[in-house]
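See below for the structure under consideration.
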Amino acid sequence: MQSEQPLKVLILAAEIEPFVKVGGLAEIVGALPKALQALGMMCAWLCRVTARLMLSIFS
């Protein structure tokens, strides 16, 4: 059964490629929304995904 509402995903990270990159985390976090979209194309139960990235700021 397909839901009317999209799956909403919020990804909060200290680094996101291409904005802030220190280690490998930035590459993973930057690629995750695209991977979720690709997975949604393949899986009927995950066909509508809204992914947002949020970058934490440290002063």
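The values are calculated or read from the model by the stated rules, or taken from the named source; none is laboratory data. Given the structure is predicted, the values throughout are model-derived calculations rather than measurements. Don't worry about glycine lacking a Cβ; one is built from the backbone with ideal geometry, like all the others, and counts go over all protein chains shown.
Quick notes
Residue-by-condition table, conditions (1) surrounded by 15 or more Cβ atoms within 10 Å (Cβ to Cβ); (2) at pLDDT 75 or above; (3) touching a Leu at 6+ places or on another chain (Cβ under 8 Å); (4) part of a strand (DSSP E or B):
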residue	(1), (2), (3), (4)
V9	no, yes, yes, yes
G23	no, yes, no, no
A26	yes, yes, no, no
A35	no, yes, no, no
M41	no, no, no, no
W45	no, no, no, no
M54	no, yes, yes, yes
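- Within the stretch 4-23, residues that are closer than 17 Å to S56 by Cβ and in contact (Cβ under 8 Å) with a residue 12 or more places away in the chain sit with their Cβ atoms under 9 Å from residues that are part of a loop (DSSP other than H, G, I, E, B) and among the charged types (D, E, K, R), at 6+ positions apart or across chains, in these pairs: E15/K21.
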